[in-house]
Amino acid sequence: MTEYRSPSTTKREKTMGPATTEARISNRGRGPEIAGTRITVYDVMDYLKEGWHRDRIASLFRLSSRDIQAAMDYIAEHGTEVEADYQRILERHRTYAYPPEVQAKIRQCRGAAQQRREELHRRRAQETGGAEDHV
C-alpha cells in the first residue's frame, strides 16, 4: 500500500499545531483514494470538473474538507498521471459491454421511463388546455 500525505496546512494547524487525524491518500490497489474510505481521487475529480467547491464535495461524501483537500492536493501534484488514468476510466465506462441479460433489462427500464415521460407530458397538456410544456 502506498501513501501520500497532503502538504496542505490549515489555519488551525498554523496556530494550534496539527490535528489528531491527518488527511492522507492511499492506494490499496484500486487507485488513489482518501485513506479509510473507498472514495477515489477520480470520484473527487468528477465534482471538481463540474465546478463544485471543496466543502460541497466534502458534504456530499460526508467527509471533512481536509480529506477532500488532500485529494485535491494529490490531483494537483500528480496531474498528468491522474488525468490520464481518469480518461482511461471514463473510456472504459463509455465502451463497457454489459452481458445480454443486463442490456435487456436496461432497455426495458429505459423504455418504461420513456413511457412515463410521455404520459406526464400528455397529462400536463390536458391540464394546461393543450399548451405544450417543453421541459
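Annotations for the structure displayed:
- Label-point gap, in nm, between E118 and D46 - each point 7 angstrom along Cα→Cβ: 3.1 nm
- Ranked by how many other beta carbons lie within 10 Å on average, peptides 96-105, 35-44, 58-67 from highest: 35-44, 58-67, 96-105
- Per DSSP, loop GluC sites (Glu not before Pro) in the range 23-100 with at most 14 further Cβ within 10 Å: E50
- When the convex hull of its Cα atoms is projected in every direction, mean area for the range 34-135 (nm²): 10.1 nm²
- Given their separation in residues at 0.36 nm each and the Cα-Cα distance between them, E101 and E127 gain 5.4 nm when the chain is fully extended.
- Taking 0.36 nm per residue of separation and subtracting the current Cα-Cα distance, fully stretching the chain between D55 and E22 would add 10.2 nm.
- All-pairs alpha carbon distance profile, the range 48-99, 10 Å steps from 0, percent: 22, 39, 30, 9, 0
The numbers here are math on the coordinates, done by the rules we state, and not lab data. Given the structure is predicted, the values throughout are model-derived calculations rather than measurements. Positions of Cβ are generated from backbone atoms using ideal geometry, with glycine treated the same way; all protein chains shown enter the neighbour counts.
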